[in-house]
Amino acid sequence: MSRLSQLAAALEPRKGVNFMEKFQTKVLQLDQTMHYNIDRATSEVAIGQYEYDWLAGGNLNTALESDIRSSGDAFAGRNSSASCHMTKWDMHKHYETFSAIGELAISAAKEMPLAKRSHADGTDNPIDYYVQETWGLIYTKGHTCKAHTHWPSCWSYTYCVTACEDCSPLVFPTSGEPHSVTPRSGQLILFPSWVNHYVPVQKCDHERIMISGNLDVVWER
């Protein structure tokens, strides 16, 4: 056997051990009286740039729904995982509503670190995050989202703009027993990006409107 053949044989996968560990999932219920206090916002869409006014104290979820609809369906059902209406990936760069939800997700991630690190002198070295992608989704009856992960991001999040408790839940099949989270308007769910999750077929006649996003680590200071 040649040296190259020996090396190739050594690299063949061996039977290993499958690890099953519990993962952290944080569910926050935001106050539904939370307002989006901004007099004017500027949004950029495919057809160009336009401006629109919000009434002072306008509801955040109402503003989010408006932004999702105005952005349009960027994939028209072509996404490999989700069959529903899905916006472009960089909504936080164009809509302050999406940026606000991203900041809430970052705050939650900092309160529940996956791990801690320190400087060379032993002092705490906090981990900072930024929003890598965020997008909006509108599920109607019959829509679903297949099992998938958001790796290689660090944290992922979903925010429920509007849904009822009979709408499809967010299901995590990789925590030993499948873990299901019932949607509620104003609900923020934060979970590690490498964790498998899916949304069963939407059976309600009304829309299930959601936001999804990913957080990555800020490595450079």
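Every number here is computed from the coordinates shown, using simple stated rules; none is lab data. Source: prediction; values computed, not measured. No Cβ is skipped: glycine too gets one built from the backbone with ideal geometry, and neighbour counts run over all protein chains shown.
Observations on the model:
- Taking the stretch 133-149 as the range and being more than 17 Å from N61 (Cα to Cα) and surrounded by 23 or more Cβ atoms within 10 Å (Cβ to Cβ) as the test, only C145 passes.
- Entry remark, the stretch 161-185: residues being part of a loop (DSSP other than H, G, I, E, B) and more than 21 Å from T140 (Cβ to Cβ) number 6 in total.
- Of the set (1) in contact with a helix residue (DSSP H, G or I) (Cβ under 8 Å, 6 or more places away or on another chain); (2) not in a loop (DSSP other than H, G, I, E, B), all apply to I127 but (2).
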